[in-house]
1. For A:Thr312, are the conditions met, namely being open to solvent by less than 30 Å² (accessible area, probe 1.4 Å) and either in a helix (DSSP H, G or I) or modelled with pLDDT under 95 (or both)?
2. So for the range B:154-164 (the condition being within 18 Å of B:Gly362 (Cβ to Cβ) and within 11 Å of another protein chain (Cβ to nearest Cβ)), does at least one residue qualify?
3. What are the pairs, 6+ residues apart or on separate chains, where a residue within the range A:211-223 that is open to solvent by 30 Å² or more (accessible area, probe 1.4 Å) has its Cβ under 8 Å from a residue that is assigned to a helix (DSSP H, G or I)?
4. Does any residue in the range B:225-245 that is within 27 Å of A:Glu11 (Cβ to Cβ) come within less than 6 Å, Cβ to Cβ, of a residue that is in a helix (DSSP H, G or I) and open to solvent by 10 Å² or more (accessible area, probe 1.4 Å) six or more places away or on a different chain, and which pairs are these?
5. Which one of B:Asp120, B:Asp92 is without any contact (Cβ under 8 Å) to a residue 12 or more places away in the chain and either among the acidic types (Asp, Glu) or more than 9 Å from chain A (Cβ to nearest Cβ) (or both)?
6. When you look at A:Leu203, is it in contact (Cβ under 8 Å) with a residue 60 or more places away in the chain and among the aliphatic types (A, V, I, L, M), yes or no?
7. Restricting attention to the range A:126-140, report how many residues are under 19 Å from A:Asp19 (Cβ atoms) and either facing another protein chain (nearest Cβ under 8 Å) or at pLDDT below 95 (or both).
8. Tell me whether the range B:198-217 contains one or more residues that are part of a loop (DSSP other than H, G, I, E, B), within 14 Å of chain A (Cβ to nearest Cβ) and open to solvent by 10 Å² or more (accessible area, probe 1.4 Å).
Amino acid sequence: MGLEIEQPCVELSNIAVSDTHGENSPYFAGWKAYDENRYDEFTNPSGVIQMGLAENQVSFDLVEKYLEQHAEASTWGKGATGFRENALFQDYHGLKSFRTAMASFMQQIRGGRAKFDPDRVVLTAGATAANELLTFILANPGDALLVPTPYYPGFDRDLRWRTGVKIIPIHCNSSNNFQISPQALEAAYQQAQSMNTKVRGVLITNPSNPLGATIQRSVLEEILDFVTRKNIHLVSDEIYSGSAFSGDEFVSVAEILEDRDYKNAERVHIVYSLSKDLGLPGFRVGTIYSYNDKVVTTARRMSSFTLISSQTQHLLATMLSDKEFTEGYIKTNRERLRKRYEMIIDGLRRAGIECLKGNAGLFCWMNLSPLLEKPTREGELELWNSILYEVRLNISPGSSCHCSEPGWFRVCFANMSEQTLEVALDRIRNFMDQRATAKPKIPFRKIITDQAVIDMYSCLLA
Amino acid sequence: MGLGNEESHQLLSNMAINDKHGENSPYFDGWKAYDRDPFHPTHNPQGVIQMGLAENQLCFDLIQEWIRNNPEASICTPQGLHNFRDVAIFQDYHGLPRFRNGVAKFMSKVNGGMVKFEADRIVMSGGATGANEVIMFCLADPGDAFLIPSPYYPAYARDLCWRTGVQIIPVHTDSSNNFQITKEALETAYKKAQEDNLNVKGLLITNPSNPLGTTLDRKTMKSLVTFISEKNIHLVCDEIYAATVFSTPSFVSVSEIIQEMEFCNRDLIHIVYSLSKDMGFPGFRVGIVYSYNDTVVSCARKMSSFGLVSSQTQHVLASMLSDDDFVDRFLAESSRRLAKRHNLFTEGLEKMGITCLPSNAGLFCWMNLRSLLKEQTVEGEMKLWRVIVNEVKLNISPGSSFSCSEAGWYRVCFANMDDETMEVALRRIRAFVGKEAKKAVEVMKNMQNIIKSLRANFSARFDEFIMSPSLRSPHSPIPHSSYVKA
């Protein structure tokens with residue numbers, strides 16, 4: 001794709017030529033296979049079903065119904081001047097009505113067990129931007145954040161790429177259901193010390209992606225104590241908080257802080273977004289909620305690089321201020337996700353596959369380690385390859401999430417209709433039946449490394 | 001819930017505790033004065049008039065009319081709701097194809113159809129603020145430097161430097177040649193950078209210029225392209241004001257120039273654009289990076305994940321920008337209204353003896369108040385500025401905030417208000433200038449009296465001492481400005 005250049009090439013930045021954006025991973029073969037052969041109930045019933053995309057499509061009708069009934073959300077209200085004011089509004093504090101609505105929504109998700117002050121809500125264009133921004137504020141290049149594995153693959157880019165900050169994994173495994181143990185925390189911290197790397201904080205995702213489970217209260221308390229002892233920060237990415245199947249089972253770090261009277265709270269920061277709970281990833285709505293005044297001020301200033309469209313702020317301010325709508329939405333969304341989860345767990349169980357016990361999120365954490373030829377990353381990739389090309393399901397191998405234990409896969413269930421999920425479950429059942437009877441050798445296909453292909457599909461990283 | 005903790009200050013990064021965000025600059029006092037006491041024609045007619053904000057508010061009626069006539073462009077109206085799902089879910093960083101096509105077409109029209117822009121090179125960013133930062137992340141490492149002609153947009157210090165670690169090296173211009181960029185100035189700046197051991201990665205220009213309101217002519221553009229080619233450094237052209245050109249010469253984009261320069265290495269050419277000024281939508285955060293370098297396009301696109309344009313906004317603008325009739329009418333009418341406003345303002349100023357740099361673009365004038373300064377220094381400029389903000393009650397921007405090396409120039413915005421407010425502003429300036437003229441006359445009279453009485457009491461030697469240049473008041477007995485004569 002390049003021009004023939006006779007002069008010496010002018011260098012781009014180190015950031016531009018590095019691959020810390022993480023997109024050169026082999027997992028994009030899954031995207032290519034899906035794109036080339038997309039499942040469609042009628043036109044392509046044998047195509048690849050996309051189960052690698054954590055999107056929430058189960059509750060759109062609720063939002064659409066709201067919009068049908070509330071015309072004021074679609075116009076800018078106040079007639080002519082409304083549009084003008086909105087189009088001009090670029091204040092990095094964000095629309096007050098929107099911030100207030102977000103704070104109230106976050107409060108409702110936590111059943112009112114934590115209060116959120118609208119003046120501490122900082123708006124960013126998506127959680128992607130929020131996580132990067134916080135990292136710029138909390139750590140210097142070369143410093144590290146401790147992140148429990150398995151974790152969302154996008155963190156490699158969001159936390160490291162332009163910031164120059166490192167991720168040191170806090171290893172978790174199935175021996176205790178992948179919970180974060182004090183030993184694992186300490187081990188990660190020591191590893192940083194041995195590398196002469198300064199640890200600036202711990203970043204957790206609660207509910208967890210890819211585990212699909214909330215972090216227990218006692219574990220949160222331990223993590224909070226750990227960061228206080230080490231005098232470092234705690235970032236809690238609670239992007240899936242509204243997707244916990246039962247409101248009671250999700251405990252936010254905000255609740256614990258409130259119980260502790262906000263002692264040592266200035267080291268805690270929460271990231272949130274509407275991409276998962278409301279299924280609006282295209283609108284780019286992320287927030288940082290910090291208990292630290294300086295972080296709030298600095299984050300707000302930095303948000304200039306990544307503000308939310310005022311048009312979108314206005315629409316969502318109207319919608320999220322409607323308590324009747326939000327209460328109904330949160331309740332119904334949880335219920336539908338729980339139903340989907342039970343459907344997939346049940347289907348997998350009948351196929352002889354166990355999953356980690358989950359209670360949140362848009363996916364389940366499936367255990368296929370008994371099926372591995374070799375209990376290694378290569379073995380996992382081979383199995384993934386056959387699931388992709390033989391079963392025609394694009395699921396995410398645990399190694400893409402830096403899981404230290406091979407054989408686990410993340411399977412999304414909320415980005416399709418129930419019928420499609422049935423089809424997927426049927427295919428898995430057939431696959432397992434065949435494996436039980438005979439062990440066919442599945443040819444190992446070449447993993448895609450062509451940069452152009454990777455570029456084409458890596459945009460869908462979610 | 002005040003949870004500030006001074007100790008926790010040390011727990012933050014260097015970037016968080018330095019002041020490269022630029023907000024500690026004294027000229028934010030003007031904003032504060034406005035915030036405390038904003039002008040309103042009926043509720044607060046004595047308040048501060050905001051003339052420090054480069055916003056284009058002249059054509060909202062046209063846009064509103066389009067929106068009213070095209071309800072299907074919104075995803076929330078009954079006519080457009082069926083698109084809601086697909087749009088709400090769309091987060092592909094390539095952007096909606098229709099949106100990219102619409103932007104490419106718009107950019108082409110803004111250039112008078114002289115250039116065709118490829119939709120595949122259009123990369124989104126969080127406003128031009130985000131675009132400028134992204135391009136730095138792509139082209140430069142921490143510690144590298146970029147040459148920027150001064151005076152320049154104050155927030156470049158934040159946008160180009162804060163998180164990137166890049167340094168700005170100003171290329172000085174002044175009124176001796178109407179602030180044009182000369183080869184000598186470029187070479188001087190480049191040489192100084194080399195002497196200081198700084199790695200110059202490129203040149204960034206704003207064309208049309210903020211704060212000057214002028215466009216670069218073909219000859220200058222070509223010499224800039226030649227300069228960067230010789231030095232083998234990048235050229236970033238911030239063309240955010242491209243469609244605010246309201247009189248000749250017409251706008252010439254770098255993309256048009258390189259069509260005529262075969263030898264130019266296109267991998268060095270990058271454009272930053274936005275709809276914030278040309279269409280008046282700063283709230284919608286539509287920033288664009290357009291590069292002729294494939295690697296930069298690819299890298300910038302990955303980085304756009306940190307600042308994508310809301311799909312809701314992409315969707316409505318895709319329709320708007322694809323409406324050829326509307327766009328043609330809008331661009332023509334916008335130019336016409338800007339010209340009218342510009343002329344109203346500059347003619348009003350001229351009547352009071354105040355000149356502005358002759359300009360053909362932008363949402364502001366570069367006003368010359370050098371003759372009103374007590375000292376031709378930054379301090380003198382700031383002193384006068386404080387008087388204008390606090391007494392005349394106009395928030396205008398002092399040239400020093402644009403790193404202008406010549407004191408006494410001020411940027412005054414004129415497109416962010418209605419005609420009546422403009423009249424009030426002109427009246428206030430007229431009153432102020434009249435007062436200053438009276439004061440100058442008073443000072444002259446006092447000086448003359450002092451000299452008379454001194455003469456009466458001291459020797460001739462002392463006379464000479466008194467009359468020496470260092471003690472002569474700037475408002476010398478010889479009137480040098482028309483308003484004093486008036």
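1. yes
2. Checked against the condition, which is being within 18 Å of B:Gly362 (Cβ to Cβ) and within 11 Å of another protein chain (Cβ to nearest Cβ), the range B:154-164 yields at least one hit.
3. A:Arg217/A:Ile256; A:Glu221/A:Ile256; A:Glu222/A:Pro182; A:Glu222/A:Leu185
4. B:Ile240/B:Ala128
5. Details: B:Asp120 fails: without any contact (Cβ under 8 Å) to a residue 12 or more places away in the chain.
After ruling out the rest, the residue left standing is B:Asp92.
6. Working: in contact (Cβ under 8 Å) with a residue 60 or more places away in the chain: yes; among the aliphatic types (A, V, I, L, M): yes.
Yes; evaluated as a whole, the condition is true for this residue.
7. 2
8. Yes - at least one qualifying residue is present in the range B:198-217.
The values are calculated or read from the model by the stated rules, or taken from the named source; none is laboratory data. All values derive from a computational prediction rather than experimental measurement. Heads up, the Cβs are rebuilt from the backbone with ideal geometry, glycines too, and the neighbour counts pull from every protein chain shown. Quick note on the areas: whole protein, heavy atoms, side chains included, nothing else; ligands and nucleic acids left out. Shrake-Rupley method; radii C 1.70, N 1.55, O 1.52, S 1.80 Å.
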